[in-house]
Amino acid sequence: MKAIKLSAPRGEVTVAEVAVPVPGPGEILIRVEASGLCYTDVHLCDGDWEIVENLVKHDLTLGHEAVGIVASLGEGVSNRSVGQRVAAPFLRSTCGECKQCRRGEENHCPNATVLGMSHDGSHAEYVLAMADFVVPVPDGVTPEQAAPLACAGMTVLGGLKKANVGIGTVFGVIGVGGQGHLAIQLAKTMGARVVAMDIDPAKLDLAIALGADQAFDVTQPEAVEQLTALGMDVVMVTAPSHDAHRLALTVVAYGGTISLCAVPGGETPISMTLCGFKGLKLLSQAVATRQDLADILDLAASGKVSCEVTTRSLDAGPESIDALRNGEVVGRVVFVP
Ligand code: ZN
Ligand code: ZN
């Protein structure tokens, strides 16, 4: 089968022929219908995340936003059936035993394994997943629409829930990309007033089309003053840039919350003095739980959220990763094998 491979962090990205994997105990084999391209794929290619580099498999098949049809079952699997459509997320497995797992924060399990990072991922014709960690895809959502929800969508939904966004919240989102364009729709559904921020006018137009109340080009000299005056209760950062994180601290209201949904490499110099005097809460969001994925799939099935999707073949893998790195992707690229 065909697969998009990364030799090692900072290594080579190629499209290669590899063997179809065989499911082991507890695993299922999924025939991939759609696999979303996430900025995490770029981070892995570029070796941005030194602190987790020991977790990255070498000769890795990239991809962790998978939707497809169950093709076969491994030993002991009784909760899935061949022919069923499922979504397989970034979170491939957790231990189920640690404090974080037991209190419903499985996405913070220190013993988690990760699709398309510690294990081969879904930018391929077939992928293996753990049966217990996939979520059935409801009728009414296409595979191309569902795939980006298995990382981008569930992450921002988890962030919005954790930040208690609801009626009356003034919610800002920095970055109208794969995550950001979904966060706008979800925050509107939750009843918030939504302020979109980006550096690309095309993405600001998309934000307004998706329901944002206001959209700001943050490269304009007057933007920071105007944004600060809005009194944003929650600012979600979905752009993997240090400037975006610093901007969030500057423009969020006193007593406000920063929701960290993008993970740039290296270290962001931020002012703890500013955090202290403004009384800010910093909430980081490392993907989300299986329940969050089920919730956002339901929202998509009821038409409350939809993805801006561009489909590509697996052969277009290397160039698509370059385009995402260069900020040229509007919405989400989804590979259709
Ligand atoms: Zn992702
Ligand atoms: Zn655990």
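Applying a 10 Å radius around every beta-carbon, put 217-225, 245-253 in order of their mean neighbour count, most first.
On the way: 217-225: 11.7, 245-253: 21.0.
Descending packing order for the listed peptides: 245-253, 217-225.
Tell me what the chain gives for mean residue ellipticity at 222 nm when only DSSP H runs of n ≥ 4 count, each as -39,500 (n - 2.57), the sum divided by the residue total, rounded to 500 deg cm²/dmol. If you can, show how the numbers build up before the last one.
Values: 11 runs with 92 residues, N = 337.
Roughly -7500 deg cm²/dmol at 222 nm, from the helical runs in the chain.
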### Message
Could you order the peptides 258-264, 321-327 from most to least packed, using the average number of other C-beta atoms within 10 Å per residue?
### Response
258-264, 321-327
### Task
Using only the alpha carbon atoms of the chain, find the Kirkwood hydrodynamic radius as the inverse mean reciprocal pair distance, in angstroms to one decimal.
20.0
### Query
Where the eigenvalues come from the Cα gyration tensor of segment 8-129, what are the semi-axes √(5λ) of the equivalent ellipsoid, largest first, in whole Å?
23, 21, 12
### Summary
Residues whose built amide H sits under 5 Å from the amide H of A8, excluding neighbours closer than 5 in sequence, are D59
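Using Cα pairs closer than 8 Å and at least 6 residues apart in sequence, work out the relative contact order for segment 182-337, in percent.
Working: 199 pairs, mean separation 24.7, N = 156.
Rounded, it is 16 percent for segment 182-337.
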### Task
Multiply the residue separation of L282 and Q84 by 0.36 nm, subtract the distance between their alpha-carbon atoms, and state the gained length in nm to one decimal.
67.4 nm
### Query
How big is D for segment 178-260, in µm² s⁻¹ as a whole number, if Stokes-Einstein is applied with the Kirkwood radius of its Cα pairs at 20 °C and 1.002 mPa s?
168
### Task
Sort the following peptides by mean Cβ neighbour count (other Cβ atoms within 10 Å, averaged over residues), highest first: 190-196, 87-93.
87-93, 190-196
### Task
Set the Förster distance to 35 Å, then compute FRET efficiency between T268 and I167 from the Cβ-Cβ distance, nearest 0.05.
0.65
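Among the listed pairs K2/K161; K99/K188; K5/K161; K162/K304; K99/K203; K57/K281, which have their C-alpha atoms separated by more than 30 angstrom in this model?
K2/K161; K99/K188; K5/K161; K99/K203; K57/K281
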### Task
Rounded to the nearest Å, what's the spacing between the alpha carbon centres of segment 92-137 and segment 249-327? Just the number, please.
19
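Any read-out appearing in this document is the output of simple, stated calculations on the displayed coordinates, not a laboratory observation. The model shown is predicted, which means the values in this text are computed figures rather than measured ones. Backbone-built Cβ (ideal geometry, glycine too); neighbour counts: all protein chains shown.
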